[in-house]
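The values are calculated or read from the model by the stated rules, or taken from the named source; none is laboratory data. Model, not experiment: these values are computed from the prediction. Cβ placement follows ideal geometry from the backbone for every residue including glycine, while neighbour counts extend to all protein chains displayed. Only protein heavy atoms, including side chains, enter the accessible area calculation; ligands, DNA and RNA are left aside. Shrake-Rupley method; radii C 1.70, N 1.55, O 1.52, S 1.80 Å.
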Amino acid sequence: MKRKMSVFCLVFLMAVAIIGPDLTWAEDPKEIKIGATIALSGRFKGIVGTFKTLGNEWAGLINERGGIYVKEYGKKLPIKFEIYDDASKPENARKYYEKMATDPSISFFMGPFSSFISNAATTVAGKHKIPMQMVCANDAVLFEKPNYWRVGVLVPAEDEWERLVPIYKKKGGVKTFATITMDTLHNKGAIKGFEEDLKKNGFEVVYSVVAPPPTKNFAPMIIKLRKAKPDVVCIEALSPAFTIGFLKQMREAGYKPKEIIVGHVTKHVIDALGPYAENITGLAYYYDGDTQDHKDFLEILRRSGFTWGEYMESGIRFWAYTRIKQAIEKAGTLDRKKIMDTLWNMKTKIMGLDSFVTPEGYGALGAWPCQVQGGKFVSIWPLDKAVKLHNYR
Amino acid sequence: MLEINGIEVFYGDYQALFGVEATVASAEIVSLLGANGAGKTTTINTICGFIRPRAGTIHFDNTIIHKMSANKIVEKGLIQIPEERMLFPDMTVLENLQMGAYLGRARKKLADSMDWVYGLFPILQKRQSQLAGTLSGGEQQMVAIGRGLMSLPRLLILDEPSLGLAPMLVAEVFQVIQKINQEGVAILLVEQNVHQSLKISNRAYLLENGSIAMEGRASELLDRDYIRESYLGI
Amino acid sequence: MEIAIQLVIAGILQGGLYALAAFGLSLIFGVSNVLNLAHGEFLMLGGLFCFLIFSATGLNPFLIGLMILPFAFFLGYIFDRFLMRPLAGKKEHIRLMSSILVTLGAALCIGDVTSFLAGAEEKGVDYSMPSFFWGDLYISYLRLLAMVMIAGLTVGIHYYLKKTYTGRALRATTQNIRGAMLVGVDTSRIRSVTFGIGSMLASIAGVFYVVLLSISPDMGLTVTIKYLCIIVLGGLGSLIGSLVGGVILGLTESIVSYYNPHWGQTAAFLILVLILLIRPKGLFGK
Amino acid sequence: MNRIILGIVLLFLLIFPVFNLPYLNTFLIILFMYILLAESYDILGGYTGYINMGHIAFFGIGAYTFGLLWNTGLSLYLSFLAGTLAAVVFAILISFPLFRLQGAYFSLAAFALVKLMEHLTLNLSSITHGSDGLKVLEGNRMIPMYYLSLLLVVAVVVVSFLITRSRFGLAMASVREEEEIAFDFGVPVQRIKTTAMVISASFAGLMGSFYTWYTIFINPSMVFGTEMALMPIAMAMLGGSGVIIGPVIGAVFLLIVEETLWTRFAYLHTAAYGLVILLVGLFMPGGLVRLRPVRRFLIRVGLFKEL
């Protein structure tokens, strides 16, 4: 009986040891650790899974230069990401942020992908008073309640499409719009803002539909679309399957609008559509017109093995990393409160653009109109920075 | 032809057969008697390869069969006609019979065996395009026997062929069994209808609580008091 | 009126696509009595291989689809041989449970390994054919081709099941497994063959999927659920049931989606629950 | 012996928050949630043999009812009660049509109900906020959450234990083994099944309410998701369906495996996780607890209560 007890205790201790936190930390920080969860599995894997590489490559680039200078210690410290897989589930994200919150060597949190997972993560940041910068999360639901310990990098979802309207206003030739939206938090917000913008500028929205994410059969919607005869068809969906499915079926139906706008256009959408993708207009959190301040970004993209056009959201990541670096440098310490103060008040430039945080906590990074031309994704707006001119189909 | 040596069968921790021993010689009719739960069905399912014995051996034609899979045993010519008949309800009578000749040896003699079966059960020819599931109990029994014969058995095991049949039909079934036997097919007959089966058998075994309680020539057993009292109710 | 015709056409074409993969799932359930939660993974793999070969060679995707058939058959065969056969001897209740565990585990495993090796991104083959237009009506030739292939396969499978010895053995196994063993059918082999056929049908559906829509490694369970719905609707193990079930689902989805896309998606599950209320064993179940 | 072990484990869990390990606390809360879901699933699935692939529907209904009512300003306890009641009412309503079905039809129809609920919550967005999800009041309530979930787990295990010792439990087993014979012998089969489902649903509904309280934000795919629906069932089967300790062991085992894989490997952990499920299904068809050495050990310490 005694032996059994000891076996039992041993097994239990082993279990605790396996799942327990690492109990080793240095008193004097040797590195700056940034904690984050990324969806390396689950339904968001296809969209954000590769950003683990991007982050590590960025850290590698900074570390090659010695790291980030922290005044308090009078030296440059290397930077390191600690990344867990949240499997696209908020409860996992929360669990791992809690895990990282117990590690005093982690001085900073990066948010997970999507608003509802970020929601769970910001709670942890607020509770343990750890600065968190959210990436790829810009829904109103996150900013409803004040939380000092989180800021975003993006403009609100409603403003994501705001730079598109001026193109059509300037160029003319299109009058009526149709929107097809996947039923998710972010997509609905973006289209809502866009439609309001269109109406304000005298355009007409002739058909507007919100369809659930698993929709495969778009024929009934396309029948209505053909009746409404819009000049511009806009598809806003986080899931590429939705976008590809819709566009392939619109092609089958032989409907040829003057312009197609795809909110989340990635390399795989373009590949799946082949020549049909030519002149699809989209949005990216980056423009490639002015390259003087973009060298680092292009370098980490090169090292990660993808082009910016493959992932419209790579720009957000780079922006977020850079802001962390700037905040630590500016605060000159790893003190969490001071870093957070700096994040709120810091006004800097990243990639030649103003970077700041609004009083609600939104960031300043907006999306730039681009277009698929010659199989590549090129900036078309604003005109002074555009690489190519915008074409109708 | 068939030799069963001391097989022991377990269902989990529960032992069902305790060293059962029996033989069937060629061209013989042997009865396996016993009350409900005595282990008759377990015995024949073990012979047919549905259950593996934990100890003991089964030989058929001097080959060990208790480690073979059921379909291999069928291939050797050891055919069971189960109590539940196990027809293919959504197939026609003809298809059911054709399925009987599924294996190579029988497939070649399909036409001959078809004639043989239709000779034994003329009514099946009339019913041949009817779905087996829609037949009456007696007709289903005929299809089951017919399907077994299509496999060209050398030893036919019949499990309760008379169960649930009208008395008229019961007599007919026993006649047919004798006819089949005359063609040179050995028969192992498992029956609750002790009187009838002993009358047509050469030898018989009596199973009680999972072991052989008695064996001998059928005519002898018919005269034993124990059998008369316990199973014939005389 | 035009709209109605157009909706019916769209619904039937969509339904045919559903039926194709459901057919294979139904066949597997009929013979082995297991719920194969990994069926969608076979579909995904079929689509993925089509995509990979297409990217490398640029051949006609349907030709590629035919080329990968033997491979799909082999995959299904060994899946059954090594993962399902050990469960065959178990008690009914235990077998259903174990098969759920094994196929669920396999589905997660296949999906994740695929996404690790081939990337998690959405993949689609760029292949299109002009549609057939008649006034305001249009019929997609691609989908029509899918329908023709499905019809051809249905006839072929029907013939195979009725006339060949293996096909008959397969039906026999569905109807009474013990009986099939008694006439000498090697039921474990038949099971594996059925899995192979089911996997072949799924991979053809996968080819259509990757041409008409797009595939991703994590789609497996989602489509499996839809196909499970269809075969329950039609009656488990009933082949005609899975065809009718697929078409019913496609039609309802199309018609309801016309009025409200949200309820179109709901219709599938609603109609399944309603039909089971009236017929507890599905439309053609026994 | 078994009392000593149980006592020690329970005592340890009771004083656990003192150690102030928030990560392990959250881990344990999630663990308790899965144990409860697996165990409450097993009340119907393991004891009566009806594999209810729709178990998570009760959970989701509880979650939404709680969230909606709590947001209207109803008191916390009443909201919990309402969440539970909603699941119970739903269980009673669906039990009549659902129990007409047998075997795989039952399982799949129940699963279709989950998907139906998911779509309904998405579509009835004027009530449920659809895909925007439902947000409830935030707050730092780690300690009460921990104790509440612990209490719920203890409660479900105790109820399962009481069931196995009662005539009701015996009747459930008779339904599982031979439903028709049980019916012929006068066992009120329908009532037994409905009662089992109601008990099973009440716990799931309560846990659903708790989940909303815990995550602050829910949306249809979180509470009615496919993986969410299948995991508790896989856990119960993995541990050993029909044995009280089975689902507990299954949940603990699978979650620790998951956690180890998740934190140690960035990739392929889902594959490894799937492989574990597959291997258990293949080689231990009765679940971990029916593995001979495990069973022998559990019998010796008196924790192997099979129905």
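Considering only the range A:194-208, I want to know if a residue exists there that is in contact (Cβ under 8 Å) with a residue 60 or more places away in the chain and away from chain C (no Cβ under 14 Å). Scanning the range A:194-208 turns up no residue that is in contact (Cβ under 8 Å) with a residue 60 or more places away in the chain and away from chain C (no Cβ under 14 Å).
If you go through the range C:129-148 one residue at a time, do you hit one that is in contact with a helix residue (DSSP H, G or I) (Cβ under 7 Å, 6 or more places away or on another chain), farther than 25 Å from B:GLN98 by Cβ, free of Cβ contacts under 8 Å to residues at least 40 places away in the same chain and open to solvent by less than 60 Å² (accessible area, probe 1.4 Å)? Yes: one or more hits. If you scan the range D:253-271, which residues turn out to be part of a helix (DSSP H, G or I), within 27 Å of C:PRO86 (Cα to Cα) and free of Cβ contacts under 8 Å to residues at least 12 places away in the same chain? Residues satisfying the conditions are D:HIS269, D:THR270, D:ALA271. Selection within the range B:38-52: residues that are more than 13 Å from the chain's Cα centre (by Cα) and open to solvent by 20 Å² or more (accessible area, probe 1.4 Å). The member of this set that is farthest from B:VAL190 (Cα to Cα) is B:ARG52.
The residue of the range A:161-191 that is most open to solvent (accessible area, probe 1.4 Å), among those that are within 30 Å of D:ASN219 (Cα to Cα) and part of a loop (DSSP other than H, G, I, E, B), is A:GLU162. Selection over the range A:199-219 of residues that are open to solvent by less than 10 Å² (accessible area, probe 1.4 Å) and in contact with an Asp or Glu (Cβ under 8 Å, 6 or more places away or on another chain) gives a count of 3. Considering the range C:48-66, the residues that are part of a helix (DSSP H, G or I) and among the polar types (S, T, N, Q) include one that is nearest to the chain's Cα centre (by Cα), namely C:SER55.
Can you work out which of the residues in the range C:98-118 that are open to solvent by 10 Å² or more (accessible area, probe 1.4 Å) and free of Cβ contacts under 8 Å to residues at least 24 places away in the same chain is farthest from the other protein chains (Cβ to nearest Cβ)? My answer is C:LEU117. Residue selection: D:LEU278 satisfies the criterion of being within 14 Å of chain C (Cβ to nearest Cβ) and either open to solvent by less than 30 Å² (accessible area, probe 1.4 Å) or under 27 Å from A:LYS99 (Cβ atoms) (or both). A count restricted to the range C:139-154 and to residues that are within 16 Å of C:ILE240 (Cα to Cα) and within 14 Å of chain A (Cβ to nearest Cβ) stands at 1.
Would you mind stating whether A:ALA140 is over 13 Å from the mean Cα position of the chain (by Cα) and farther than 30 Å from A:PHE203 by Cβ? No; evaluated as a whole, the condition is false for this residue.
Being open to solvent by 20 Å² or more (accessible area, probe 1.4 Å) and of a type in the set (A, V, I, L, M, F, W, C) holds for only one residue in D:LEU101, D:LEU11, and it is D:LEU11. Consider the range D:41-59. How many of its residues are in a helix (DSSP H, G or I) and farther than 20 Å from C:LEU104 by Cβ? Matching residues across the range D:41-59 total 2.
Go through the range D:181-208 residue by residue and tally those that are part of a loop (DSSP other than H, G, I, E, B) and either closer than 12 Å to D:VAL159 by Cβ or open to solvent by less than 40 Å² (accessible area, probe 1.4 Å) (or both).
Residues that pass the stated criteria total 1.
May I ask you to verify whether D:ASN52 is within 29 Å of A:LYS99 (Cα to Cα) and either at pLDDT below 90 or of a type outside the set (Lys, Arg) (or both)? Taking the combined requirement at face value, the residue does not satisfy it.
Counting only strands (runs of 3 or more DSSP E) that sit wholly inside the range B:15-100, those with at least 2 residues that are closer than 17 Å to B:GLU208 by Cβ are B:29-34. Checked against (1) in contact (Cβ under 8 Å) with a residue 12 or more places away in the chain; (2) in contact with a Gly (Cβ under 9 Å, 6 or more places away or on another chain); (3) more than 22 Å from A:TRP319 (Cα to Cα); (4) open to solvent by 20 Å² or more (accessible area, probe 1.4 Å), A:GLY42 passes all but condition (2). For the structure I just gave you, tell me whether B:GLY138 is touching a Phe, Trp or Tyr at 6+ places or on another chain (Cβ under 8 Å), outside any strand (DSSP E or B) and open to solvent by less than 20 Å² (accessible area, probe 1.4 Å). No. Of all residues in the range A:72-79, none are among the aromatic types (Phe, Trp, Tyr), in contact with a Phe, Trp or Tyr (Cβ under 8 Å, 6 or more places away or on another chain) and at pLDDT below 90.
Candidates are the residues of the range A:46-87 that are open to solvent by 30 Å² or more (accessible area, probe 1.4 Å) and hydrophobic (A, V, I, L, M, F, W, C); the one that is nearest to A:ALA36 (Cα to Cα) is A:ILE83.
Scanning the range C:28-44 for residues that are assigned to a helix (DSSP H, G or I) and either surrounded by 24 or more Cβ atoms within 10 Å (Cβ to Cβ) or at positive phi (or both) returns C:ILE28, C:PHE29, C:VAL31, C:SER32, C:HIS39, C:GLY40, C:GLU41, C:PHE42, C:LEU43, C:MET44.
Can you go through B:SER129, B:SER136 and tell me which one is touching a strand residue (DSSP E or B) at 6+ places or on another chain (Cβ under 7 Å), more than 11 Å from every other protein chain (Cβ to nearest Cβ) and of a type in the set (S, T, N, Q)?
B:SER129
Checked against (1) surrounded by fewer than 20 Cβ atoms within 10 Å (Cβ to Cβ); (2) more than 29 Å from B:GLN130 (Cβ to Cβ), B:PRO89 meets all criteria but (2).
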